[in-house]
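Input: a single structure, listed below in structure tokens.
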There are 2 protein chains.
Amino acid sequence: MGGDEGPAMTLPGIDMALARHPNMRVLMFGDEGRLRGLLDRYPRLRERGEVRHCEVAVSMDAKPSQALRKGRKVSSMWRALEAVRDNEASVMVSAGNTGALMAMSVFVLKTMAGIRRPAIAALWPTMRGRSVVLDVGATIGADAEQLVDFAIMGEAMARVLLGKDKPSVGLLNVGVEEVKGVEYVREAGRMLSTARLPISYRGFVEGNDIAEGTVDVFVTEGFTGNIALKTAEGTAKQVALALRQYIEASLFARIGALMARGAFRKLKARLDPSSNNGGVFLGLNGVVIKSHGGATPEGFANAIEIAVDMAKSNLIEKIAADLAAKQAPGNGETGGAGG
Amino acid sequence: MGGDEGPAMTLPGIDMALARHPNMRVLMFGDEGRLRGLLDRYPRLRERGEVRHCEVAVSMDAKPSQALRKGRKVSSMWRALEAVRDNEASVMVSAGNTGALMAMSVFVLKTMAGIRRPAIAALWPTMRGRSVVLDVGATIGADAEQLVDFAIMGEAMARVLLGKDKPSVGLLNVGVEEVKGVEYVREAGRMLSTARLPISYRGFVEGNDIAEGTVDVFVTEGFTGNIALKTAEGTAKQVALALRQYIEASLFARIGALMARGAFRKLKARLDPSSNNGGVFLGLNGVVIKSHGGATPEGFANAIEIAVDMAKSNLIEKIAADLAAKQAPGNGETGGAGG
């Protein structure tokens, strides 16, 4: 039960999710004493939830190596992941330490056959709806083959979460002519164009295409993806702040803004990180959703919403089937004549 | 006289800049016949400008290699760069093909001693004012030493354009714990921390810090920088569009927005790419400013404004002095005892 505020934030969030999903049940891993007192306020949660007492919690600022050393087998994070591994739980949701969660996820769930490193996928609101962007921070400096794996995993996730039969996939690249040749991205483009994958690959896209929602799945390596995500979050805040300052500078504008407050409220809701909360760890034998540590209860409920969609689908099987297609004769370095 | 619309956009832009700067003179490289007719409309430009006829223009979609083959020595772009090389002009401003401009700039002006590849620096509006962000697309996959060079060049540019004595410098990195270790960025951080450079280095920063203006100079390699820049541009547009849609959906909000139109107008001006138009090529023996190809005349005038600031400063000499400091004994691999 992690995050900046612990169960005080997560419990009401879980309670909201339970209200939306009458068949959902929840296992809570954390300090029983601390949870008990809070649970009294949420009868629904007490009824449909079960507490598994854990003595050790991974702190928000622990390094992954420390977390593994101290939290292996005994921490709430580790044990919640074990519940997924042992099919006691369909999905694991955490608002805890991202680095520790990723490290433990790899240890407990292991990466899928053929996947060297997992990715974190974000659901990104666009002008047209939502797109999947990955990797936003798990695998730094991915190579061409890893980008292809990300494309496969992101596409399967988009089918599940965006409800599209044939989501389109683009590779993030830069537009400046002379450098279009960042080699591993071009190589990934060649692989996606020529391999017989069940993927609708649309070619290179640029940074501004994300906001425009030009494709359903944007693929990049984790360093660039993480900086793009945070740059966009910062820019959205900046625009909202500038608007507020311009409005507050004039009485007339303040009155006008009051009249238009419905529109502003909608904009605020749209820009609220809570409404898009929930990074999906892909490439593991099990689904893990990472909520912002500073999420609101509504935000945590939204992360659980993603988890529910994932649990209902058989995402892991879908990804495994596509990865197998990639290994098929005729695709890339595995050779073969092809039909 | 390039750009999407050619002289029809650039000439009125130059005319505006001439009105602001009574001592400025301008050399125009392009098709004399085409320019002559237009010049009649701008008496100020006819008086303080000089046309150098060029038969060949680099097209907006030419590859850099094609541009060099066809435009070497004869194109307007090449000859304008020669004017900088030969000290006929202080700065070169172009709205033409970015890749070709960079390739020709390197050929004609050469990179400064100690610089392997140039950078493109953007002036980025932040919540606190403006920051310099580089590289936004010239050098893909820079190594640690190149990042240090970018820091030196960007810091000198910030002194000139932001008018700060000691601009602060940060290295873009990612926050996810386990991957904070992208090695060349950490290495650049070590070099900036330990070298005796006249630079106020503040450590790592993240994507959201750009909008917040946490430091004056954000340093990253060109692939990530280009994607961050375009992601931010896209996001700003997206937020503005969402706001417009929410307002248009309600009559009451439309009336309110009418009352607050002064605030909206200011926001629009702030988000207008024109007001921050002008990428600065750094690391060459001469200053080159790249305007957006699709800039408005106001935007082109803003790019010239940057050019004027650069021309008044002795930026190249400042950068050269700092690069020399980097080579001094006691700094990094050049060894020596240090005091």
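What follows draws every value from the coordinates through simple rules; no lab data is involved. Computed from a predicted structure; not experimentally measured. Don't worry about glycine lacking a Cβ; one is built from the backbone with ideal geometry, like all the others, and counts go over all protein chains shown.
Values as computed for the structure displayed
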quantity	calculated
Whichever aspartates and glutamates have a C-alpha closer than 14 Å to that of residue B:237, once near sequence neighbours (fewer than 8 apart) are set aside	A:209, A:212, A:233, B:272
Net charge dipole size for the stretch A:1-158 [Lys, Arg +1 and Asp, Glu -1 on Cβ; Debye, nearest 20]	220
Long-range HN-HN contacts of residue A:131 with modeled amide H, under 5 Å	A:124, A:126
Sequence-distant residues sharing a close amide H with residue A:29 (under 5 Å, placed H)	A:52
Residue A:187/residue B:72 FRET efficiency (R0 22 Å; Cβ-Cβ; nearest 0.05)	0.10
Translational D in µm²/s for chain A (Stokes-Einstein at 37 °C, 0.692 mPa s, Kirkwood Rh from C-alpha pairs)	155
Cα pair distances in the stretch B:1-131, grouped into 10 Å bins until the bin that holds the longest one, percent each	12, 39, 34, 14, 2
Filtered GluC sites (Glu not before Pro), the stretch A:7-113: DSSP coil and at most 14 other beta carbons within 10 Å	A:55, A:88
Under 29 Å between alpha carbons - lysine pairs in the stretch B:245-320 that sit 8 or more apart or on different chains	4
Summed side-chain charge close to residue A:14 - residues other than residue A:14 whose Cβ falls under 13 Å, Lys, Arg +1, Asp, Glu -1	+1
Among A:118, A:198, A:64, residue whose mean-square fluctuation peaks in a GNM of chain A (springs only between Cα atoms under 10 Å)	A:198
Dipole magnitude (debye, nearest 20) for the stretch B:102-234, charges at Cβ of Lys, Arg, Asp, Glu	480
Phi-based couplings in Hz for the stretch B:50-59 (Karplus 6.51, -1.76, 1.60; Gly and Pro marked x)	9, 9, 10, 5, 10, 6, 9, 10, 7, 6
For residue B:204, distant residues with modelled amide H under 5 Å away	B:171
Antiparallel DSSP beta bridges within chain B, as percent of all bridges there, nearest 5	40
Residue range of chain A that is longest and free of trypsin sites (Lys or Arg not before Pro) which are both DSSP loop and sparsely packed (at most 16 other C-beta within 10 Å)	A:197-339
Computed P(r) (all Cα pairs; the stretch A:185-263; 10 Å bins; percent)	14, 31, 21, 17, 11, 5, 0
DSSP beta bridges in the protein assembly as shown [antiparallel fraction, %, rounded to 5]	40
Gap separating the Cα centres of the stretch A:5-19 and the stretch B:1-46, nearest whole Å	63
GNM result for chain A, Cα springs below 10 Å: residue of A:255, A:120, A:306 fluctuating most strongly	A:255
Surrounding net charge for residue B:47, when Lys and Arg each add one and Asp and Glu each subtract one, Cβ distance under 15 Å	+3
For the stretch A:127-179, average projected area of the Cα convex hull in nm²	4.9
Inter-copy label distances at residue B:187 (7 Å, Cα→Cβ; nm, one decimal)	1.9
Among A:6-17, A:89-100, the order from most to least packed when residues are scored by Cβ within 10 Å on average	A:89-100, A:6-17
Nm distances between copies for residue B:69, ranked from closest, using label points 7 Å along Cα→Cβ	6.0
Per-residue average of Cβ from other chains inside 10 Å of B:97-103	3
Of the DSSP H helices in chain B, those whose Cα atoms cover at least 30 Å axially and whose Kyte score averages -0.5 or more	B:222-248
Helix-only [θ]222 nm of the protein assembly as shown, DSSP H runs n ≥ 4, -39500 (n - 2.57) each, per residue, nearest 500	-15500 deg cm²/dmol
Using a 7 Å Cα-to-Cβ projection, residue A:5 label spacings across copies, nm, ascending	5.1
Dipole magnitude of chain A about its Cα centre (Cβ charges: Lys, Arg +1; Asp, Glu -1), debye to nearest 20	780
Long-range Cα-Cα pairs in the stretch A:234-314 (distance over 18 Å), rounded percent	57
Shielding score for A:186-199, defined as the mean number of other chain Cβ atoms within 10 Å	0
Kirkwood hydrodynamic radius over Cα pairs of the protein assembly as shown, then Stokes diffusion coefficient at 4 °C and 1.567 mPa s, in µm²/s	48
Rg and Dmax of the stretch A:183-339, Cα atoms only, in Å	21.2, 73
